[in-house]
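Taken together, the values in this text are just the output of simple stated rules run on the coordinates, not laboratory data. Here the structure is a predicted model, which is why all the values come from computation and not from measurement. Positions of Cβ are generated from backbone atoms using ideal geometry, with glycine treated the same way; all protein chains shown enter the neighbour counts.
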């Protein structure tokens, strides 16, 4: 500030010097390269974007085609498995099952016929038991 009487100056404390980081001289370049900040997304022209979309759609089409091919392989494999030796055994089992069903129908029909015949015999016996004796009983 100002001078005091007697010619003495009042000393004010000096602020600490602020050191700003400075780049080292070219001869003292650091061993690791300094990475500069990269832009978030590179600038791509409309034409390049179109080409990228074509590549992506082409990749998508290739993936779809691969899926179709794999599905076809699975279907062919399943069809081959059905037409293989197991299928022959299955056909024999189905034929045997059909034969057993036919035999069961015949057995059911025979059972019904026997039941009707038994009923008629029982009815005939009942009628004979209830009928008055027309002939004198020999004693």
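Each label point was placed 7 Å from the Cα along the Cα-to-Cβ direction; for residue 66 and residue 46 their separation is 3.3 nm. What residues from the range 93-108 fall in the zone where the backbone N is under 18 Å from a label point 7 Å along the Cα-to-C-beta line of residue 115? What the label zone holds, given the 18 Å backbone N cut-off, is 103-108.
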